[in-house]
Amino acid sequence: MSMVLTSPEETTSRPAADWCEAPPVTDADAKLPEWYRSLRAEAWERFRGTPAPARTNQAWRFADLKHVRFEGYAPALPLAESVVADLVARAVGERPADYAAHFVFANSRLIHAETPGLPEAALCLPVGETLLTQPERIRGHFLQHEDFLGGEKFASLHAAATLSGLFVCLPKGCVVTHPVIVHHFVGGDGAVIFPHTLVVAEDQSSVSVFDLFESITPGEETLIVAMADLHADHGGRIQYAALQDLGDTGAKHVQLQHTRAGRDASVKVGFVNLGSGWIRNESVNRMVESGADCQIFAANLANGVQEYDQRTLQSHEAQHTTSDLLFKNALYDRSRTIFSGLIQVQPGAHHTDSYQTCRNLLGSDEAEANSMPGLEIDADQVKCSHGSTSGTISDEEIFYLRARGIPSEDARKMISLGFLHEAIEKLDGEALQDFLFARVEKKFAAIG
Amino acid sequence: MSQSLRIENLHASVDGHEILKGLSLEVPKGEVHAIMGPNGSGKSTLSKVIAGHEDYVVTEGSIYLDDVNLLELEVDERSRAGFFLAFQYPHEIPGVTNANFLRAARQARLPKGEEVDAVAFYREMYAKMDQLGMDRKFTGRSVNEGFSGGEKKRNEILQMMMLEPKYAVLDETDSGLDIDALKIVAQGVNAMRSPERGFLIITHYQRLLDYIVPDVVHVLHDGRIIHTGGKELAYELEEKGYDWITKEPAAA
């Protein structure tokens, strides 16, 4: 597969002085297809016409709305070549051991691409480049889903602005063994990026995609409005993992994810959140044909005054569909988490099997975990369960480890890490698991 | 220097309620002692008190491991000093694999800056698991999670074999074991018997003592040792029950 590194001029445009008054990406590039330009214009109008989240909105219940702000950001600026070289070295030096392809974006610009384990038939191309060179390949799936779980204004903004991130398309029967890794760096005070990940797995194909979100320099005020859109056709398999390891002050992260699983398709989604002052995850998982299966996991480690706000939907829209969700939050200091999950069994989706669990481990009296599990069943012969628990580490577990000679602090750490590990180990790929776990451990060491 | 696990006039209570009321016994290095006694006599309390569980308050008496005063040590320090308790109800630790758990326990015994040799560690662990008839899959599974009763007890013995304590207390290790598992566990313990190690086996039934033959049998009743004898005492208790001893005046 040939790879072209797109120049910055093609993927980003000059930042508008007051970008809330004008689309963040202009139509300066006339080579972009007409359908895309009108889609983008419509999205911008929707963004302008959608009110900002308000306190009365159920979809934002428990959220501290002071975090939600659209003003004061401008599209991230291109980086100096020396910075780019450092980032490439950093991304290459710190990645899971096994990978089929590795792409690095910094401030929306592609700065590195290699595809050592990618089959010839698999298409892995930056979104911006796909729009320029083979727009019809992406048209059917790109930015087609607008409904999220309260974050529609962010979704519209994303649609109006995105031109970075990767389009991964697997033709029928194509199997990619190792993950496709995509780094997204953001840097510069007030910088915003809009990374998009579109994965299309056609019949019986299989792929794993791993997005990493990192700050170029921790501490800067940055905003990411990311979207991952996953489409698995008949028997297709997708694993999508996202690691948010941004600087834990200043950075804000919004990630909207949508899954459409067809007949006998299976999709696994995993979120690991370690950084950022505030995050909002919305995960919409639709099982639209019989035999579809979705599994959604999250491992979140929050400390300081971080707020992690996650909303999920498991939508069963056909018979004999299955889903399982496990979200784990470990909270320290005065951090807050919000989990709102809904299992929806649509009319006629008989024989649905669906589970949802949120577990919170409270490492401090001042931490706050909010859970809102929900069920709506409109079909027969359905097996569903949902539940949420919050608790501290049990004294008996600590005693057991100490009775083997492990000091108290180490025992606490092992149990907390084990708690998060339970979600991470649900993902496929040992190298990926090890990588994620090492990052969790690194953050834990910083908490002390 | 005294080479024994020595308990003298031990009084301990839980929630203000005295359970151990002046318990004394000594397990010299190289010997296996058994403690038998009816339900509620204080058998499990004794094991928790030696291990240092904070729900139990020692109000009087002493516990020495060789010349180390155990009561002055924290729970983890007691373990590192060479004490081991095989739990009656081993706890489950979700997300922490058996291998990592054992490795951390071994690591805790090394001087600062030294690391467990991973290759040697796994080789040793596998050999000991083979000895206990444990499948290799247990290394990667969370500690005791989803283990059957017998698997948990084998796992306790595996930990004991890996940590090589000077003195070990086995708290009703036979409960919940079928006869085959019991034999394997007993083989594991017997393989560890040595002039350098003492065992105290707490049990409700004489059955275990058919496989781990004790040097001395103590009878615990109402928080005190009321009778001490040879291994034949276990059979006598099995046959006659405890009444004939408990109704005698307590032995000094």
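Numerical summary
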read-out: Selection count, the range A:198-243, where residues are assigned to a strand (DSSP E or B) and of a type outside the set (Val, Ile, Thr); value: 24
read-out: From A:ALA122, A:ALA113, residue being over 16 Å from the mean Cα position of the chain (by Cα), open to solvent by less than 20 Å² (accessible area, probe 1.4 Å) and small (Gly, Ala, Ser); value: A:ALA122
read-out: Selected residue (only one of A:ALA445, A:ALA379 is more than 14 Å from chain B (Cβ to nearest Cβ) and in contact (Cβ under 8 Å) with a residue 60 or more places away in the chain); value: A:ALA379
read-out: Those residues of the range B:155-187 which are farther than 27 Å from B:ILE7 by Cα, more than 14 Å from chain A (Cβ to nearest Cβ) and either open to solvent by less than 20 Å² (accessible area, probe 1.4 Å) or in contact (Cβ under 8 Å) with a residue 40 or more places away in the chain (or both), in sequence order; value: B:LEU177, B:ALA181, B:LEU182, B:ILE184, B:GLN187
read-out: Only listed residue being under 23 Å from A:LEU212 (Cβ atoms) and touching a residue at least 60 places away in the same chain (Cβ under 8 Å), chosen from A:ALA91, A:ALA160; value: A:ALA91
read-out: Selection status of A:GLU152, among the acidic types (Asp, Glu) and closer than 20 Å to A:LEU243 by Cα; value: no
read-out: Hits in the range B:1-47 (condition: free of Cβ contacts under 8 Å to residues at least 24 places away in the same chain and either outside any loop (DSSP other than H, G, I, E, B) or open to solvent by less than 50 Å² (accessible area, probe 1.4 Å) (or both)); value: B:HIS17, B:GLU26
read-out: The range A:302-333: number of residues that are polar (S, T, N, Q), in a strand (DSSP E or B) and within 16 Å of A:ARG260 (Cα to Cα); value: 5
read-out: Matching residues in the range A:287-312 - criterion: being over 30 Å from A:GLY250 (Cβ atoms) and either open to solvent by 10 Å² or more (accessible area, probe 1.4 Å) or not small (Gly, Ala, Ser) (or both); value: A:MET287, A:VAL288, A:GLU289, A:SER290, A:GLY291, A:ASP293, A:CYS294, A:GLN295
read-out: Some residue of the range B:217-236 being farther than 23 Å from B:LEU5 by Cβ and among the small types (Gly, Ala, Ser); value: no
read-out: Matching residues in the range A:155-178 - criterion: being surrounded by fewer than 21 Cβ atoms within 10 Å (Cβ to Cβ) and at pLDDT below 95; value: A:THR177
read-out: Output for the range B:53-80, where each listed residue is at the interface with chain A (Cβ under 9 Å from one of its Cβ atoms), surrounded by fewer than 18 Cβ atoms within 10 Å (Cβ to Cβ) and part of a loop (DSSP other than H, G, I, E, B); value: B:GLU54, B:ASP55, B:GLU74
read-out: Extreme residue, farthest from A:PHE444 (Cα to Cα), among residues of the range A:346-366 that are buried (at least 23 other Cβ atoms within 10 Å of the Cβ) and among the hydrophobic types (A, V, I, L, M, F, W, C); value: A:ALA349
read-out: Matching residues, the range B:158-183, being assigned to a helix (DSSP H, G or I) and modelled with pLDDT under 95; value: B:ILE179, B:ASP180, B:ALA181, B:LEU182, B:LYS183
read-out: Any hit, the range B:77-95, residues being within 18 Å of the chain's Cα centre (by Cα) and of a type in the set (Val, Ile, Thr); value: no
read-out: Residues being surrounded by fewer than 17 Cβ atoms within 10 Å (Cβ to Cβ) and either without any contact (Cβ under 8 Å) to a residue 24 or more places away in the chain or within 7 Å of chain B (Cβ to nearest Cβ) (or both) - total across the range A:391-405; value: 3
read-out: Of the criteria (1) more than 10 Å from chain B (Cβ to nearest Cβ); (2) of a type in the set (Gly, Ala, Ser); (3) in contact with a Ser or Thr (Cβ under 8 Å, 6 or more places away or on another chain); (4) farther than 18 Å from A:ASN273 by Cβ, which one A:ALA367 fails; value: (4)
read-out: Search result, residues across the range B:86-136 that are away from chain A (no Cβ under 14 Å), open to solvent by 20 Å² or more (accessible area, probe 1.4 Å) and either in contact (Cβ under 8 Å) with a residue 60 or more places away in the chain or closer than 24 Å to B:ASP174 by Cα (or both); value: B:TYR126, B:ALA127, B:LYS128, B:ASP130, B:GLN131, B:GLY133, B:ASP135, B:ARG136
read-out: Scope the range A:73-96; condition in a loop (DSSP other than H, G, I, E, B) and either open to solvent by 30 Å² or more (accessible area, probe 1.4 Å) or touching a strand residue (DSSP E or B) at 6+ places or on another chain (Cβ under 6 Å) (or both); matching residues; value: A:TYR73, A:ALA76, A:LEU77, A:PRO78, A:LEU79, A:ALA80, A:GLU94, A:ARG95
read-out: Output for the range B:63-85, where each listed residue is in contact (Cβ under 8 Å) with a residue 40 or more places away in the chain, in contact with a Phe, Trp or Tyr (Cβ under 8 Å, 6 or more places away or on another chain) and over 14 Å from B:MET160 (Cβ atoms); value: B:LEU65
read-out: Residue identified as assigned to a strand (DSSP E or B) and touching a helix residue (DSSP H, G or I) at 6+ places or on another chain (Cβ under 6 Å) among A:VAL284, A:VAL272, A:VAL267; value: A:VAL272
read-out: Output for the range A:55-72, where each listed residue is open to solvent by 100 Å² or more (accessible area, probe 1.4 Å) and not in a helix (DSSP H, G or I); value: A:ARG55, A:THR56, A:ARG61, A:GLU71
read-out: Residues within the range A:245-286 that are among the hydrophobic types (A, V, I, L, M, F, W, C), in contact with a Cys (Cβ under 9 Å, 6 or more places away or on another chain) and surrounded by fewer than 23 Cβ atoms within 10 Å (Cβ to Cβ), tallied; value: 0
read-out: Residue count for the range B:199-233, restricted to those that are assigned to a helix (DSSP H, G or I), open to solvent by less than 60 Å² (accessible area, probe 1.4 Å) and within 20 Å of B:GLY176 (Cβ to Cβ); value: 2
read-out: Qualifying position, being farther than 20 Å from A:SER335 by Cβ and either within 12 Å of chain B (Cβ to nearest Cβ) or not acidic (Asp, Glu) (or both), among A:SER388, A:SER408, A:SER416; value: A:SER408
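Residues checked against (1) part of a loop (DSSP other than H, G, I, E, B); (2) in contact (Cβ under 8 Å) with a residue 40 or more places away in the chain; (3) open to solvent by less than 20 Å² (accessible area, probe 1.4 Å):
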{"position": "A:LEU132", "(1), (2), (3)": "no, yes, no"}
{"position": "A:PHE142", "(1), (2), (3)": "yes, yes, yes"}
{"position": "A:LEU149", "(1), (2), (3)": "yes, yes, no"}
{"position": "A:LYS153", "(1), (2), (3)": "no, yes, no"}
{"position": "A:ILE181", "(1), (2), (3)": "no, yes, yes"}
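The values are calculated or read from the model by the stated rules, or taken from the named source; none is laboratory data. Just so you know, these numbers come straight off a predicted model, no measurement behind them. Cβ coordinates were reconstructed from backbone atoms using ideal geometry, including for glycine residues, and neighbour counts include every protein chain displayed. Remember, those area values only see protein heavy atoms, side chains included, never the ligands or the DNA or RNA. Shrake-Rupley method; radii C 1.70, N 1.55, O 1.52, S 1.80 Å.
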